[in-house]
1. Give me the pairs: first residue in the range 12-37 and in contact (Cβ under 8 Å) with a residue 40 or more places away in the chain and closer than 16 Å to residue 65 by Cα, second residue of a type in the set (Gly, Ala, Ser) and in a loop (DSSP other than H, G, I, E, B), beta-carbon distance under 7 Å, and six or more apart or on different chains, which are they?
2. Mind checking which residues of the range 26-51 are of a type in the set (Asp, Glu) and under 22 Å from the mean Cα position of the chain (by Cα)?
3. Can you work out which of the residues in the range 12-53 that are assigned to a helix (DSSP H, G or I) and among the basic types (Lys, Arg) is surrounded by the most Cβ atoms within 10 Å (Cβ to Cβ)?
4. Just one of the numbered conditions (1) closer than 18 Å to residue 176 by Cβ; (2) modelled with pLDDT under 95; (3) touching a helix residue (DSSP H, G or I) at 6+ places or on another chain (Cβ under 7 Å); (4) of a type outside the set (Asp, Glu) is not true of residue 85; which one?
5. Considering the range 139-156 alone, what residues qualify as being more than 17 Å from residue 75 (Cβ to Cβ), hydrophobic (A, V, I, L, M, F, W, C) and in a helix (DSSP H, G or I)?
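The values are calculated or read from the model by the stated rules, or taken from the named source; none is laboratory data. Note that the structure is predicted; figures quoted are calculated from it, not measured. Here the Cβ positions follow ideal geometry from the backbone for every residue, glycine too, while neighbour counts run over all protein chains shown.
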Amino acid sequence: MAETKTRRRGAELEQAILDAAWAELNEVGYTRFTIEAVAARAETSKPVIYRRWPNRAELVLAAWEHSAPIPPRELPDTGSLRADLVYVFTRIADRANSIMGEVIAGVMGETFRHPEVIEALRAQLTRSSELTDTMNTIVRHAIDRGELAPVRLPLRVARLPLDLVRNELMLCGEAVPDEMITELVDEIYLPLLRGLPPA
């Protein structure tokens, strides 16, 4: 009868599962991550989880997308394009440093047993709609301040901060240091933005 009192459905249940999965992932890492542990943490059952996510890799990717976005509403207008970019790159690195490398490596390993997982990973790495919104906001502010000529931000350029940070993380295998963030901004991303063709 206790189950009836705590039964959740729809978005509420999904959020509880994704929150539990993210907490479990941060606590034990990808290698020791299990659907059973997530079910216990979320106070639900394994079949309920498997109806939504057919394997742990897809659940992990969903939890990552749910719990580690960069919400545009948290973006401060610092008054400087460079400072805005350093802020966003730092946010990405902070969220990526602890877990992203292990998640990507673990999910890639799952593709041998579940080939469909690679499509979920590809979608996860290319979607990044909130990051795209954030970068468009930053560029719009810079144009309004006269720091950039009016330009259209291509999708690949909008997603590039995540790609750059992820690449450094995969190469270094450890936290991306602050000096690396400033190099990515000053040597790659700012020159790229300034070299985009006019809108």
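1. That search, which allows pairs on different chains as well, returns 26/98.
2. Initially, the range 26-51 is screened for residues of a type in the set (Asp, Glu), giving 27, 36, 43.
Once the filter is applied, which keeps residues that are of a type in the set (Asp, Glu) and under 22 Å from the mean Cα position of the chain (by Cα), the range 26-51 yields only 27.
3. Of the residues in the range 12-53, the ones assigned to a helix (DSSP H, G or I) are 12-28, 35-42, 46-52.
With among the basic types (Lys, Arg) added as a condition, the list becomes 41, 46, 51-52.
Working: 41: 16, 46: 13, 51: 9, 52: 13.
The qualifying residue surrounded by the most Cβ atoms within 10 Å (Cβ to Cβ) is 41.
4. So the condition that residue 85 fails would be (2).
5. To start, the set of residues in the range 139-156 that are more than 17 Å from residue 75 (Cβ to Cβ) comprises 146, 149-152, 154-156.
Next cut, hydrophobic (A, V, I, L, M, F, W, C) only: 149, 151, 155.
Once the filter is applied, which keeps residues that are more than 17 Å from residue 75 (Cβ to Cβ), hydrophobic (A, V, I, L, M, F, W, C) and in a helix (DSSP H, G or I), the range 139-156 yields only 155.
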